[in-house]
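To start, the structure under review is shown below, and the notes come after it.
Each value in this text was obtained by applying a stated rule to the coordinates, not by laboratory testing. Note that the coordinates shown come from a computational prediction; the quantities given were computed from them, not determined experimentally. Backbone-built Cβ (ideal geometry, glycine too); neighbour counts: all protein chains shown.
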Amino acid sequence: MTGLTLRGGQEAGGLATGGVAEPRRPRPLRMLFIAVALAACFVAIRLGLRDAPLLWFAALRAMIAGVVLVMVAGVQRRPMPSGARAWGLITVLGLVNVTVAFAAMFAGVSELATGTAAVLANAQPLLILLPAWWLYGEAVSLRTAGALLAGFAGLVLVAVPGGGGSGAALSVLSAVAITGGTLLARRLGGLDVIMAIGWHFIIGGAALVILAAAVEGPPVIAWTPRFVAVLAFLAVVGTAVTTVLWIIEARRSRLDVLTAWTFLTPVFGIVLAAMVFGEQPTGWTASGLVTVLAAMWVVVQPARERIPARERIPERRAPFRRARE
């Protein structure tokens, strides 16, 4: 994790105003790792819910991830956030991106098929379009908007057979909260990314502890080897590492292209759920997944620069004019 995040801290510099001076395209291998790890998180959550109440499980995930990141940052002597504005932003980010997002995500997984929960919780590409344009001036082309709509339609084809109700609403709420967190991440310019993200997990996790104590009472957790392994993977790999990498990319990349990569998360989630839980996809799943992959391919393709006709034609006709002269 250290090698990746050291470079990430440098990449994200100069973003104190929340914008990106020269938006770049996300790194494909990094985004592929994030998509696979996040998909595995949905499987890990379902396994862990067999041994722990959902809110206490979510709180443990956040607190362990936060402590790990703050310890890594401390060993590397990274600067602590300072000032009311910095801590206020970290607190808001923690409450939105951790407290609300994790609570809704875990509750959604507990009520839906794993693949369906993964689909609905990854609706970021559509949710982020208007806010990214309004807040950061990232206009979206018709091609990109159409591809994102087609991709979401593909996700719906995959999700519908898995059921709906309150579980679906909670998963969508999780997607809304994560989208808010991605937008807020642009405001972390000037702060060390590892230290800031670590503290946002601790603050959001502390709020989850209070919520869990109020709703579920004292924690009743079966500390089986399975639960310990699941919690370790979920907190360190699926939360600490992936969130730091995601925030780094959110601070340097166009948000529409970045979030399009989350279309891959439910694809991998469905595959893993079929392998681990035997959740057999329906006949609609194949067509939905093909639509999703095609849409994502369109979005991540770099836009072609068109040369205006008035600049192009004279150069093409110049030899003929010289021949006549």
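Given R₀ = 51 Å, FRET efficiency for residue 228-residue 290 by Cβ-Cβ distance, to 0.05? Plugging the Cβ-Cβ distance into 1/(1 + (r/R0)^6) gives 0.85. Label sites at residue 77 and residue 91, each approximated as a point 7 angstrom past Cα along Cα to Cβ, lie 3.1 nm apart. The stretch between residue 143 and residue 169 holds 6.5 nm of extra length on full extension. This uses 0.36 nm per residue minus the Cα-Cα distance. Our estimate of slack between residue 153 and residue 29, defined as 0.36 nm per intervening residue step minus the Cα-Cα distance, is 42.1 nm. The stretch between residue 277 and residue 110, if pulled fully straight at 0.36 nm per residue, gains 58.7 nm over its current Cα-Cα span. Computed from backbone phi, the HN-Hα couplings of segment 142-153 come to 4, 4, 5, 4, x, 5, 5, 5, 5, x, 5, 4 Hz, rounded to whole numbers (Karplus: 6.51 cos²θ - 1.76 cosθ + 1.60, θ = phi - 60°; Gly and Pro given as x).
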